[in-house]
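Remarks on the structure that follows.
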Amino acid sequence: MNRFFKYFRDRPIGLKLFYTYSLIVLVAVFMVGISAYYIAGKTIKQNIESKLSNATDSILNMVETTAQASIKNYLRAVAEKNLEIASFYHSRVKQGQISEQEAKDRLKQIFLGQTIGNTGYIYCLDSNGIAVMHPDPLVEDVDFSHFAFIQSQMKRKQGYLEYEWKNPGEENPRPKAMYMTYFEPWDWVISVSSYRSEFARLINISDFKDNILAQTFGKTGYSYILESNGDIVVHPHLSGNLWDAVDADGYHLVRHQCRTKNGKLFYSWRNPGEEIFREKLVIYNYIPEYDWIVSSTGYLEEFYAPLNSVRNIVVGSVLLIFTIMLPVTFTFARSITRPLYQLEKNFSQGAAGNFTGRMESRTKDEIGKLALYFNQFMDRLESYSTKIRAEIEERRKTEELFSKAFHSSPSGIFIANLNNNRFIDANQSFLKFTGCHYQDVIGKSISEFSLFVQFKNFEQITNMLEREGRIRDMDVEFVNSENKQRLGTVNAELINIWGQRCMLCSLEDLTETKRLEREIIEISESERLQLGQYLHDDLRPHLMGIEVLQKVLRQKLVAKGYTDIAPVDKLRELVREAVSKSGRISRGLCPTHIADQALELTLEELCRDIEQIYNVSCNLKHEGPSIQTGTIAATHIFYIAREAAYNAVRHGKAQNIWISISGTEEKVLLQVHDDGNGLPDKIDNQGMGIRIMHYRARRIGGVLDIRKDQDKGTCVILGFNPHMMIKEQKNAFSVL
């Protein structure tokens, strides 16, 4: 089979079309023929069974009708004869020859002495349903009016009637037939009754034998009747008993019919005078009243004769269609493949770099359109070829420039495959950072080098790159060639190289820059603490001394009789205000109380100070449990919040500030919102205030985000973990 498909696959398209089209048409015609043959056969089979079944049912109805008429006539004759006898004895009573009782006794002997069928009898009722005369003396004078058939007798009084009856000791009721006449002088309903099954001997077979033998199916099919013991009742060819009859396979088909009573049977049979057995079908049914099996049978070959004609027509049609189809298919295939051969030749020239080949478009069908589109394609391909050559030259120059910039950059640059984290390329600055040779780096996994202090730092870089596509100025710790821990910044881009997702990463050593930044911030912190201490320990006591001297001066002026002392009181009020402001400024510059209370209480004091100093609204909203972070972390959080609030007033011109702190023991969010002017479109992250805020956030392991608010103003968000802050602070104290 594989060899055939390989052979077929390599054949020309013309032969493929010819083979395929021929096969499809042939299979289609064959399938149509098979379907027609199958449907015809199925239809004929259904018609055969339907015809045989209808014939069997017709004969069954004929026999039952004839039997019913015979039973009815017999019962009627007996009933009318007994009515005449009753009338005779009644006339003798009227003539005075015998008494009425004597007449009734003689009639009883006559009626009860008659046997109807095997177990049938005669009984009499009156109009009220009471048994006047019955073979069983125990039921005489008994009211039977509650039985349905008795009610019919009471109503009709004469005529034919069928009903179901079960004698004492019997399990199931059986059908009975009755004919009744009415003797009005004595109000007697004379009823002649017997079971229907006991009247088989009354049936005159000659009444329906000719009709049964007239039934034919095909040429030699016929109908017949058997008794359940195999005796033939009616048969066109046979007589006697067929109980031991067998078919060609030795199967006792008559016994099967007598046992199953009704159904259908396929068997082989040979009629008298025939030499061979032929397949037959018989459909039979049962008349239980007479123990007869009515059957209709016929030979299958006679029924299926029309099917042979259908088969011959189908075969002839297939041969005729195939004969006509061969030249038509070949011509059709040639009309398609001839232009394709020319197209193949032109494509071959194009593959060799010659784009001058063109097709002749003679028709407007699909082949003509294909030729037109091919010519347009070649025109564009020729134009694109010229452009691509120019672009290749330009890209070569661009790559040369990129290569020079890549290898001469003072920043450490490398390219890595994100699928396996292996180095693809690295410049000299990166090799200098790591202290490795080029051949020791390329193709190796980043995890094999101790470049990053922790490999999870590199995983953070790749995760952010996957999520955002680029990284800008991300702080990271790494180890240089001297195995010293350094601080740096990473910039990265997600790029595609040879169908692989890669990263272009730049690593710059900012250890000295970070050290100088930290020193400046620490100097600023020291100066702030000294200034706060000076305000608290020197200026504030000095102002308080001035207030005391002012009080003494006022007392002396009053003692000397001066009445205009309002300026002195005003001066004292200004000094007190200066003392209060210096205290607030001192607490802001040197918040020594942070260690004594929870973070939210410190922020409440910050809100009050801002309101008093700047005369703006500042509200704190706290949700969740009390937050304990430790003195160092609380100090940084306090100054981040204060710097954000001060910037909102000084730069944003805000009139309302909202500080909120919420979260759990594992995660807390500090948010500072304002209704000021908001941030500019391009925020300057290099300002000292913002850089110090970011520095404080990093010191406590938090994440700081400064953004424009949705409505107006600015939103500063700080996320941190209080539990980790307390743990780190304890570790710091243990080291100290």
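Report, please, the projected area of segment 409-509 averaged over directions, based on the convex hull of its C-alpha atoms, in nm².
Its Cα hull, projected and averaged over all orientations, spans 5.8 nm².
Taking other Cβ within 10 Å of each residue's Cβ, how do 556, 708 sort, fewest first? Mind dumping the intermediate values first?
On the way: 556 9, 708 14.
Least crowded to most crowded, the residues run 556, 708.
HN-Hα J couplings of segment 237-246 from phi, Karplus 6.51/-1.76/1.60, θ = phi - 60°, integer Hz, Gly and Pro as x?
Values, residue by residue: 10, 10, 8, x, 10, 10, 4, 9, 5, 10 Hz.
If the chain between residue 566 and residue 163 were fully stretched, how many nm would it gain, using 0.36 nm times the residue separation less the Cα-Cα distance?
Numbers: separation 403, 0.36 × 403 = 145.08 nm, distance 13.74 nm.
So the chain would gain 131.3 nm between residue 566 and residue 163.
Working out 0.36 nm times the residue gap between residue 214 and residue 186, then minus their Cα-Cα distance, what length gain in nm do you get to one decimal?
Difference between extended and current length: 4.9 nm.
Work out the FRET efficiency for residue 243 and residue 32 from their Cβ-Cβ distance, taking R0 = 45 Å, and round it to the nearest 0.05.
0.35
Tell me the label-point distance for the pair residue 73, residue 275, using the 7 Å Cα-to-Cβ offset, in nm and rounded to one decimal.
4.8
What ranking do 693, 464 get, fewest neighbouring Cβ atoms within 10 angstrom at the top?
464, 693
Using a simple spin-label model with points 7 Å from Cα along the Cα→Cβ vector, what separation in nm is obtained for residue 389 and residue 43?
7.3
With θ taken as phi - 60° and the coefficients 6.51, -1.76 and 1.60, list the Karplus ³J(HN,Hα) couplings across segment 68-79 in order, rounded to whole Hz; mark glycine and proline as x.
5, 5, 5, 4, 4, 5, 5, 5, 5, 4, 5, 5
Could you derive backbone 3J(HN,Hα) for segment 293-302 from the dihedral phi with the Karplus parameters 6.51, -1.76 and 1.60 (θ = phi - 60°), listing whole Hz in sequence and x where the residue is Gly or Pro?
So the J values, rounded to whole Hz, are 10, 8, 10, 10, 9, x, 7, 5, 5, 6.
Assuming R0 = 25 Å, what is the FRET efficiency of residue 544 and residue 608, from their Cβ-Cβ distance, to the nearest 0.05?
Approximately 0.75, to the nearest 0.05.
What distance in nm separates the simple spin-label points at residue 520 and residue 669, each placed 7 Å from Cα in the Cβ direction?
Inter-label distance under the simple model: 3.3 nm.
Taking 0.36 nm per residue of separation and subtracting the Cα-Cα distance, what length does fully extending residue 352 through residue 102 add?
76.4 nm
Do the alpha carbons of any pairs in 369/397; 345/397; 104/176; 155/261; 108/166 sit beyond 31 Å of each other, and which pairs?
Pairs exceeding the cut-off: 369/397; 345/397; 155/261.
If packing is taken as the average count of other Cβ atoms within 10 Å, what order do 293-302, 499-508, 368-377, 177-186 fall into, highest mean first?
Ranking the peptides 293-302, 499-508, 368-377, 177-186 by packing returns 293-302, 177-186, 499-508, 368-377.
How would you rank 319, 213, 487, 242, going from fewest to most other Cβ atoms within 10 Å of each one's own Cβ?
Least to most surrounded, the residues fall as 319, 213, 487, 242.
A short reminder: the numbers here are calculations on the coordinates, not readings from a lab. Worth saying up front: this structure is predicted, and the values here are computed from it rather than measured. Reconstructed Cβ throughout: ideal geometry from the backbone, glycine too, with neighbour counts over all protein chains shown.
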